[in-house]
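For reference, the structure discussed in these notes is given below.
The values are calculated or read from the model by the stated rules, or taken from the named source; none is laboratory data. Note that this is a predicted model, so its numbers are computed, not measured. Every residue, glycine as well, gets a Cβ built from its backbone with ideal geometry; the counts of neighbours run over all protein chains shown. Just so you know, the surface numbers come from the protein's heavy atoms only, side chains and all, with ligands and any DNA or RNA stripped out. Shrake-Rupley method; radii C 1.70, N 1.55, O 1.52, S 1.80 Å.
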Amino acid sequence: MEDSKSVRSNFIWDFVQQDLDAGRCQSVHTRLPPEPNGWLHIGHAKNIYVNAGTAERFGGLCNLRFDDTNPAKEEQEFVDGIQADIRWLGYDWNGGLFFGSSYFDECYELAEKLIRDGNAYVCDLPQEEMRRMRGTLTQPGQNSPYRDRSVEENLDLFRRMRAGEYPNGARVLRAKLDMASPNINMRDPALYRILHMPHHQTGDKWCIYPMYDFAHPIQDALEGITHSMCSLEYEAHRPLYDWVVEVCGFPNHPRQIEYARLNLTRTVMSKRYLRKLVEEGYVRGWDDPRMPTLAGLRRRGYTKEAIRDFIERAGVAKADSVVDLALLEHCIREHLGEVAPRAMAVLRPLKVTITNWPEGETKALTLENHPAHPEMGTHEARFGRTLYIEQEDFMENPTGKFFRMKPGGEVRLKGAYIVRCDEVVKDEAGNVVEVRCTADLTSLSCSEGAGRKVKGTLHWVNADDAVPFEARLYEPLLRDEDAIEEEAEGDEAVPDKKDFIARLNPNSITVLTGCMAEPWLTDAKDGDKFQFLRLGYFCKDQDGFVFNRVVELKDSFKPAAK
RNA sequence: UGGGGUGUAGCCAAGCGGUAAGGCACGGGACUUUGACUCCCGCAUUCGUAGGUUCGAACCCUGCCACCCCAGCCA
C-alpha cells in the first residue's frame with residue numbers, strides 16, 4: 001500500500017538532476033542552515049524536507065549548519081532544541097554538524113584577500129549616511145568617499161577593527177561593486193560589522209562578525225555544498241552570492257536555488273510573534289500544544305509521518321502560496337487512523353442503565369484494537385448494567401438526521417448489544433442525568449443474532465470498570481481571517497499586544513474532568529500510543545474548520561488512585 | 001517608479017508545441033458494529049489579460065494587469 005504512493009518530484013530535483021547529468025557535480029551535498037534564534041515550526045519542516053530530503057533523494061549528504069553569525073539574536077537553548085526536532089522528524093545530518101561561527105577564521109582571511117585584490121574597502125560612513133548614499137529603488141547610489149582608500153590603508157583599518165580599536169558601528173568592511181546597480185543588494189553591501197559582544201560558540205574571540213551575504217557562500221563552498229536551497233527573498237542576493245564565491249577563488253561553485261516558504265492558513269508562523277507568545281506567557285513554552293512549532297505539534301498528537309506527508313503533498317514550487325490547514329488535518333487523521341489502536345473513552349459521561357441486565361452481573365467482551373489490522377490484537381472490556389456514553393451521543397429531541405441515541409430509538413453499543421432507549425431521567429434543573437435502556441440480548445456482536453442493523457453505533461465504558469481522568473483538548477492558536485487581511489496591509493510594526501492576542505482564538509484549551517476510559521488504558525507506558533482515543537473524534541468549529549481534538553494523555557491521563 | 005520573481009479550480013500543484021495529472025476542500029451515491037474509514041461518481045471547453053506566430057499554444061513572441069521580494073552595520 002505504501003509503495004503505491006509515489007514520491008512527488010519537484011523543480012529543485014529537476015535542477016539537481018540536470019547538474020548531475022551535465023557533470024557539473026558528481027554527487028549531491030546540501031546543508032540545512034537554521035539560525036538558532038527560536039524553535040523549529042511547521043514551516044521549517046519544509047526547509048528540512050527540501051534540503052535533507054534532496055540529499056536523501058540523490059543518495060548524497062546533508063550538513064546541519066547553525067547559521068550563527070549574529071551573536072545578538074542567538075542562543076544555545078535553540079541549537080539543542082533544533083537538533084532534537086530534526087531527529088524527531090526522522091532526518092539526520094549525515095554530512096556532519098557545523099557552526100557558521102567555526103569559519104570565522106576563514107572568513108577573516110578571505111576578507112583580507114578581498115581587500116588585497118581591491119574587492120573590498122573599509123568605510124567610515126555613519127549608518128544613516130550610508131543608507132542615504134545607497135540611493136533608492138529608482139535612483140542610483142553615490143560612491144562612498146572612502147571607496148578609493150589604498151590597499152595598505154584598508155588592511156590596516158580592517159586589522160584594527162578586528163583588534164577592537166573601534167566602537168560598534170564605527171566602521172564597516174564593504175564589497176566594492178557598483179553603487180549604480182539596479183539591484184540594491186549589489187550597491188557595495190557590508191561584509192563585516194563591528195559588534196563587541198560575546199558569541200555563544202566563540203566567546204570573546206571576535207568583535208567583528210561577517211554578514212550573512214559574505215559568510216554563507218563561503219561556508220557553502222568550504223563544506224563542498226553543491227546545492228544551497230533557500231527561500232524566495234534571497235533571489236536578489238544570488239548575484240552577490242555568486243560574486244563572493246568567485247572573488248574568493250573557490251574552485252567549486254555551489255548553486256543557490258530558491259523556493260517558496262510554507263504558509264498555512266490562519267497560522268502564525270513568524271518567529272517574532274511566536275517568541276512573543278512564549279516570552280509574555282500566553283502559552284507555556286515553545287512546545288505548548290497550541291503552538292505551530294514542531295515540538296508543539298508533537299505534543300498535540302501529530303506524528304512525524306503525518307508532517308512529512310503533509311509537506312510532500314503541499315509541494316515545492318516558486319509561487320507564493322498559503323496551504324489550507326485542512327490538508328494538515330487530513331494527513332494526521334489519515335496516519336493516526338491507520339496506526340492508532342482503538343480504545344473507548346468518554347469525555348463527557350452520561351449514565352446509561354440497562355434495565356434488563358441483572359445487577360452485579362457482567363459479560364466479558366473481546367474488542368479489536370484496529371478494525372483493519374487484526375494483527376494488532378484485541379483487548380477485553382466488560383459489559384454491565386451501568387454504563388457511560390458521550391453526552392453528545394444522546395439527544396432528547398433529535399433534529400434532522402440524528403442516528404445516535406434518542407428516546408424510543410435503537411442504537412448499537414460498539415462491540416456489544418443493540419439497546420433501546422425507554423426512559424430519560426432528569427434532575428430538578430431539567431438536565432438529562434441518566435438514560436434507561438433495554439438491551440436486545442440476542443444482538444450481541446459476533447453472535448448469530450448480530451446481523452440486525454441499526455443506524456448508529458456508540459462508544460461506551462462500563463461504569464464499574466471505568467477509570468476517571470482529566471482531559472485537555474488543545475486547539476491551535478489561530479488567527480481570524482480579518483487579521484490575515486490586516487496583516488497583508490503590511491506594516492512593519494509588531495501589532496500591539498492586545499491586538500495581536502485578540503486576533504487569536506481564545507479558549508484554546510478545554511479541560512475536562514470526570515472523563516471515563518477503559519481500564520486497559522491505564523497500562524499505557526507513554527501517551528503516544530493512545531492519541532486517538534476515539535476514531536472520528538473530531539468536529540467542526542463555527543467556521544467549518546475541522547480539527548482533531550486529541551487528548552494529551554501524557555500529561556492529562558491520571559489513572560484513579562488505587 | 002529601478003531590479004528580481006510569481007500568476008493553472010475554493011486551497012496547493014503537475015504540465016516544458018499535440019488538445020488541462022494528482023491531492024485537499026466541496027457535492028452526490030454505496031458500504032459500515034461509531035455518520036469515521038473505505039469505495040464509486042461529479043467538480044477548469046480552459047490556464048491573469050489582450051493580441052501575434054503555428055495545422056495545432058497553458059507552453060513560443062509582444063503589450064498590458066495583479067501580487068510578492070529588495071533601499072539592515074538581520075538572516
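Could you list, ordered by first residue, the pairs with Cβ atoms under 8 Å in which the first is in region A:328-341 and outside any helix (DSSP H, G or I) and the second is surrounded by fewer than 18 Cβ atoms within 10 Å (Cβ to Cβ) and at pLDDT below 80, at least 6 apart or interchain?
Filtered contacts from region A:328-341: A:A340/A:K529; A:A340/A:L535; A:P341/A:K529.
More than 30 Å from A:R308 (Cα to Cα), touching a strand residue (DSSP E or B) at 6+ places or on another chain (Cβ under 8 Å) and not acidic (D, E), is that true of A:A72? Reasoning before the result, please.
Working: more than 30 Å from A:R308 (Cα to Cα): yes; touching a strand residue (DSSP E or B) at 6+ places or on another chain (Cβ under 8 Å): no; not acidic (D, E): yes.
Spelling it out, it is not the case that A:A72 is more than 30 Å from A:R308 (Cα to Cα), touching a strand residue (DSSP E or B) at 6+ places or on another chain (Cβ under 8 Å) and not acidic (D, E).
Taking only pairs six or more apart or across chains, which ones have beta-carbon atoms under 8 Å, a first residue in region A:4-32 that is farther than 30 Å from A:G100 by Cβ, and a second residue that is modelled with pLDDT of 95 or more and surrounded by 11 or more Cβ atoms within 10 Å (Cβ to Cβ)?
Going by the 8 Å Cβ cut-off, the qualifying pairs are A:V7/A:R57; A:V7/A:E312; A:R8/A:E312; A:R8/A:R313; A:R8/A:G315.
Can you run down the residue pairs with Cβ atoms below 9 Å, 6 or more apart or on separate chains, where the first is in region A:170-185 and over 23 Å from A:R116 (Cβ atoms) and the partner is small (G, A, S)?
Partner pairs satisfying both residue conditions: A:A180/A:G135; A:A180/A:G141; A:S181/A:G141; A:N183/A:A236; A:I184/A:G135; A:I184/A:G141; A:I184/A:A236; A:N185/A:A236.
Here's the yes/no breakdown for (1) under 20 Å from A:N356 (Cα atoms); (2) open to solvent by 10 Å² or more (accessible area, probe 1.4 Å); (3) free of Cβ contacts under 8 Å to residues at least 24 places away in the same chain; (4) within 14 Å of RNA strand B (Cβ to nearest atom):
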residue: A:E392; (1), (2), (3), (4): no, yes, no, yes
residue: A:T399; (1), (2), (3), (4): no, yes, yes, yes
residue: A:G430; (1), (2), (3), (4): no, yes, yes, no
residue: A:E434; (1), (2), (3), (4): yes, yes, no, no
residue: A:T442; (1), (2), (3), (4): yes, yes, yes, yes
residue: A:G451; (1), (2), (3), (4): no, yes, yes, yes
residue: A:L458; (1), (2), (3), (4): yes, no, no, yes
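Return the residues of region A:178-193 that are open to solvent by less than 10 Å² (accessible area, probe 1.4 Å) and under 24 Å from A:E35 (Cα atoms); say none if nothing qualifies.
Taking region A:178-193 first, the residues open to solvent by less than 10 Å² (accessible area, probe 1.4 Å) are A:179, A:187-188, A:191-192.
Correct list: A:L191, A:Y192.
Would you call A:G409 surrounded by 12 or more Cβ atoms within 10 Å (Cβ to Cβ) and touching an Asp or Glu at 6+ places or on another chain (Cβ under 8 Å)? Please lay out each step first, then the result.
Details: surrounded by 12 or more Cβ atoms within 10 Å (Cβ to Cβ): yes; touching an Asp or Glu at 6+ places or on another chain (Cβ under 8 Å): no.
No.
What are the residue pairs meeting all of these: first residue in region A:203-223, first residue touching a residue at least 40 places away in the same chain (Cβ under 8 Å) and over 13 Å from A:R65 (Cβ atoms), second residue among the small types (G, A, S) and part of a loop (DSSP other than H, G, I, E, B), Cβ atoms under 6 Å, and 6 or more apart or on different chains?
A:C207/A:G164
Pick from region A:116-134 the residues that are touching a residue at least 12 places away in the same chain (Cβ under 8 Å) and basic (K, R): which of them is surrounded by the most Cβ atoms within 10 Å (Cβ to Cβ)? Give the steps one after another, and end with the answer.
Within region A:116-134, the subset touching a residue at least 12 places away in the same chain (Cβ under 8 Å) is A:116-127, A:130, A:133-134.
Adding the requirement that they be basic (K, R) leaves A:116, A:134.
On the way: A:R116: 13, A:R134: 17.
Checking each candidate, the answer is A:R134.
Considering only residues of region A:227-241 that are open to solvent by 10 Å² or more (accessible area, probe 1.4 Å), of a type outside the set (S, T, Y) and under 16 Å from A:F11 (Cα atoms), which is nearest to RNA strand B (Cβ to nearest atom)?
Applying the filter and picking the extreme gives A:E235.
Name the one entry in A:S27, A:S101 that is over 16 Å from the mean Cα position of the chain (by Cα) and open to solvent by less than 20 Å² (accessible area, probe 1.4 Å).
Details: A:S27 fails: open to solvent by less than 20 Å² (accessible area, probe 1.4 Å).
Among A:S27, A:S101, only A:S101 is over 16 Å from the mean Cα position of the chain (by Cα) and open to solvent by less than 20 Å² (accessible area, probe 1.4 Å).
Kindly check whether there is at least one residue in region A:304-327 that is under 30 Å from A:P374 (Cα atoms) and away from RNA strand B (no atom under 16 Å from the Cβ).
yes
Would you point out which residue out of A:V322, A:V339 is open to solvent by 40 Å² or more (accessible area, probe 1.4 Å) and modelled with pLDDT of 90 or more?
Working: A:V339 fails: modelled with pLDDT of 90 or more.
Within the list A:V322, A:V339, the selection yields A:V322.
Out of the residues in region A:178-203 that are touching a Phe, Trp or Tyr at 6+ places or on another chain (Cβ under 7 Å) and more than 10 Å from RNA strand B (Cβ to nearest atom), state the one that is nearest to A:P140 (Cα to Cα).
Applying the filter and picking the extreme gives A:H199.
Which residues, counting only those in region A:262-302, are of a type in the set (K, R) and closer than 21 Å to A:D320 by Cβ? Break it down stepwise before answering.
Step one: filter region A:262-302 for residues of a type in the set (K, R), giving A:266, A:271-272, A:275-276, A:284, A:290, A:298-300.
Those that are of a type in the set (K, R) and closer than 21 Å to A:D320 by Cβ: A:R266, A:K271, A:R272.
Say we look at region A:135-147 and pick out the residues that are surrounded by fewer than 18 Cβ atoms within 10 Å (Cβ to Cβ) and in contact (Cβ under 8 Å) with a residue 24 or more places away in the chain; which of these is nearest to A:F214 (Cα to Cα)?
Filtering first and then ranking leaves A:R147.
Does region A:255-268 contain any residue that is open to solvent by 10 Å² or more (accessible area, probe 1.4 Å), away from RNA strand B (no atom under 15 Å from the Cβ) and either closer than 27 Å to A:F78 by Cα or free of Cβ contacts under 8 Å to residues at least 12 places away in the same chain (or both)?
no
Considering only residues that are assigned to a loop (DSSP other than H, G, I, E, B), among the polar types (S, T, N, Q) and either within 11 Å of RNA strand B (Cβ to nearest atom) or within 40 Å of the chain's Cα centre (by Cα) (or both), which ones fall in region A:351-390?
So the first thing to find is which residues in region A:351-390 are assigned to a loop (DSSP other than H, G, I, E, B), and the list is A:355-362, A:369-373, A:377, A:384-385.
Checking which are among the polar types (S, T, N, Q) leaves us with A:355-356, A:362, A:369.
Answer for region A:351-390, where residues must be assigned to a loop (DSSP other than H, G, I, E, B), among the polar types (S, T, N, Q) and either within 11 Å of RNA strand B (Cβ to nearest atom) or within 40 Å of the chain's Cα centre (by Cα) (or both): just A:N369.
Go through A:E334, A:E279 for me and flag whichever is more than 15 Å from RNA strand B (Cβ to nearest atom), at pLDDT below 95, acidic (D, E) and out of contact with any Gly (no Cβ under 6 Å at 6 or more places or on another chain).
On the way: A:E334 fails: more than 15 Å from RNA strand B (Cβ to nearest atom).
One residue alone meets the criteria, A:E279.
In this structure, does A:F158 turn out to be surrounded by 13 or more Cβ atoms within 10 Å (Cβ to Cβ) and either touching a Cys at 6+ places or on another chain (Cβ under 7 Å) or without any contact (Cβ under 8 Å) to a residue 60 or more places away in the chain (or both)? Before the answer, list the steps.
Values: surrounded by 13 or more Cβ atoms within 10 Å (Cβ to Cβ): yes; either touching a Cys at 6+ places or on another chain (Cβ under 7 Å) or without any contact (Cβ under 8 Å) to a residue 60 or more places away in the chain (or both): yes.
Yes; evaluated as a whole, the condition is true for this residue.
This table checks each residue for (1) touching a Pro at 6+ places or on another chain (Cβ under 9 Å); (2) surrounded by fewer than 24 Cβ atoms within 10 Å (Cβ to Cβ); (3) modelled with pLDDT of 95 or more.
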site: A:P33; (1), (2), (3): no, yes, yes
site: A:L40; (1), (2), (3): yes, no, yes
site: A:A55; (1), (2), (3): no, no, yes
site: A:F58; (1), (2), (3): no, yes, yes
site: A:C62; (1), (2), (3): no, no, yes
site: A:D67; (1), (2), (3): yes, yes, yes
site: A:P71; (1), (2), (3): yes, yes, no
site: A:E75; (1), (2), (3): yes, yes, no
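Could you say whether any residue in region A:113-122 is hydroxyl-bearing (S, T, Y), in contact with a strand residue (DSSP E or B) (Cβ under 7 Å, 6 or more places away or on another chain) and at pLDDT 95 or above? Steps first, answer last, please.
First, the residues of region A:113-122 that are hydroxyl-bearing (S, T, Y): A:121.
Going one step further and asking which of them are in contact with a strand residue (DSSP E or B) (Cβ under 7 Å, 6 or more places away or on another chain), we end up with A:121.
Remaining after also requiring at pLDDT 95 or above: A:121.
Looking for residues that are hydroxyl-bearing (S, T, Y), in contact with a strand residue (DSSP E or B) (Cβ under 7 Å, 6 or more places away or on another chain) and at pLDDT 95 or above, one finds at least one in region A:113-122, hence yes.
Here is a yes/no grid of residues against (1) within 12 Å of RNA strand B (Cβ to nearest atom); (2) at pLDDT below 70:
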position	(1), (2)
A:R420	no, no
A:K455	yes, no
A:K497	no, yes
A:A517	yes, no
A:F530	no, yes
